[in-house]
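Visitor: Got a structure for you, written out below as structure tokens; questions coming shortly.
Read the figures in this text as sums done on the coordinates, not as results from a lab. Computed from a predicted model, the values in this text were never measured in an experiment. Here Cβ is always computed from backbone atoms with ideal geometry, including for glycine, and neighbour counts include all displayed protein chains.
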Amino acid sequence: MVLIEWGEKYCIGIMNIDYEHEKMVEQINSLYALVNNRADKQLIVDSLGDIYGAITAHFALEEKMMRKHSYAHYKEHKADHQRLLKDISDIFESLEKSNELDEPLFKQKLADWFLLHFKTHDIRLHKLVKLSPHDRADEPTMRILVQNAKNKLLCTTR
């Protein structure tokens, strides 16, 4: 069972963005499976850190694209990125400090990070044709961005 079923309805027509979104959905579903299967807490924490890193890197690339094209809703979109990262950080911190996990809230937050943001901000952003060329970092750069964000999350909650 998956939390988010990836499908064409989530494709916005920009190959790199669609790929990044699909990979995020895979990570969210993997974490969901870990929680459902009552995996070791450290494995869940590590997976959540990976998601945080990937989302942070993705948001940085989106924000670069928005600035490059003087996107009118940049501040609002960036604020939602910051809210989403704060939500992840708060859940991460709560999970680190406790042996209890509010599973319904946790699963809802996992779905919200992708679905709500996608249905509001990302759809509006990516419907703009002039923004269609999306800058994508090469794999080594992405790995560094993801690892740096994950390390930041791990350091700030301990």
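Visitor: Limited to the range 56-109, what total is found for residues that are assigned to a loop (DSSP other than H, G, I, E, B) and either without any contact (Cβ under 8 Å) to a residue 12 or more places away in the chain or under 21 Å from Val45 (Cα atoms) (or both)? Don't jump to the end; show me each part of the working.
Guide: Here is the first cut: in the range 56-109, the residues assigned to a loop (DSSP other than H, G, I, E, B) are 69-73, 98-102.
Within this subset, residues satisfying the condition of being either without any contact (Cβ under 8 Å) to a residue 12 or more places away in the chain or under 21 Å from Val45 (Cα atoms) (or both) are 70, 72, 98-102.
Final tally of qualifying residues: 7.
Visitor: Filter the range 51-62 for residues that are of a type outside the set (Ser, Thr, Tyr) and touching a helix residue (DSSP H, G or I) at 6+ places or on another chain (Cβ under 6 Å) and give the result.
Guide: To start, the set of residues in the range 51-62 that are of a type outside the set (Ser, Thr, Tyr) comprises 51, 53-55, 57-62.
Passing the criteria: Ile51, Gly53, Ala54, Ala57, His58, Phe59.
Visitor: Restricting the search to the range 42-79, which residues are among the aromatic types (Phe, Trp, Tyr) and either within 18 Å of Lys23 (Cα to Cα) or surrounded by 20 or more Cβ atoms within 10 Å (Cβ to Cβ) (or both)? Spell out how you get there, then give the answer.
Guide: Let us first name the residues in the range 42-79 that are among the aromatic types (Phe, Trp, Tyr), namely 52, 59, 71, 74.
Residues satisfying the conditions are Tyr52, Phe59, Tyr71.
Visitor: Taking the range 61-107 on its own, how many of its residues are hydroxyl-bearing (Ser, Thr, Tyr) and farther than 30 Å from Arg38 by Cα? Spell out how you get there, then give the answer.
Guide: Within the range 61-107, the first condition is being hydroxyl-bearing (Ser, Thr, Tyr), and the residues that meet it are 70-71, 74, 89, 94, 98.
The next check asks that each one be farther than 30 Å from Arg38 by Cα; those that pass are 70-71, 74.
Residues in the range 61-107 being hydroxyl-bearing (Ser, Thr, Tyr) and farther than 30 Å from Arg38 by Cα: 3 in total.
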